[in-house]
1. Restricting to region 37-75, and then to whatever is in a helix (DSSP H, G or I) and touching a Leu at 6+ places or on another chain (Cβ under 9 Å), can you tell me which residue is nearest to Thr18 (Cα to Cα)?
2. Exactly one condition in (1) at pLDDT 90 or above; (2) loosely packed, with under 14 Cβ neighbours inside 10 Å; (3) part of a helix (DSSP H, G or I) is false for Ala9; which is it?
3. Name the residues in region 37-76 that are on the phi > 0 side of the Ramachandran plot and under 12 Å from the mean Cα position of the chain (by Cα), would you?
4. Pairs, please: C-beta under 6 Å, at least 6 apart or cross-chain, first residue buried (at least 16 other Cβ atoms within 10 Å of the Cβ) and in region 20-33, second of a type outside the set (A, V, I, L, M, F, W, C) and part of a helix (DSSP H, G or I)?
5. Out of all the residues in region 42-66, which are exposed (fewer than 12 other Cβ atoms within 10 Å of the Cβ) and over 16 Å from Leu12 (Cβ atoms)?
Amino acid sequence: MDLDEFTLADRLKEQLLTSIEKTMEEADISQGEVARRVGVLRRNVNQIMGRKKNASLDYILKMAESIGLDVEMRVKKPRA
């Protein structure tokens, strides 16, 4: 799927999931451990990380926070 076809929320989710994957790999954190920290089944985390299941932005933020990521949002005016 071309990024132009994604909504803003979809692009944010994809960026977050990519950051989560990278952090998990660097810290040697398993999907099972993320699931335990978030309080969900491992298969749910697996489906989300595999892009087989759509998750809310809130759910993905919980995953990010569970592995120590600090997520910030920046809003700026477009240049004229």
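1. Met49
2. Tallying (1) at pLDDT 90 or above; (2) loosely packed, with under 14 Cβ neighbours inside 10 Å; (3) part of a helix (DSSP H, G or I), Ala9 fails exactly one: (1).
3. Listed by number, the list holds a single entry, Arg51.
4. Close Cβ pairs satisfying both conditions: Gln31/Arg42; Gln31/Asn46.
5. Residues satisfying the conditions are Gly50, Lys52.
The values are calculated or read from the model by the stated rules, or taken from the named source; none is laboratory data. These figures come from a predicted structure and were not determined experimentally. Positions of Cβ are backbone-derived with ideal geometry, glycine not excepted, and every protein chain shown enters the neighbour counts.
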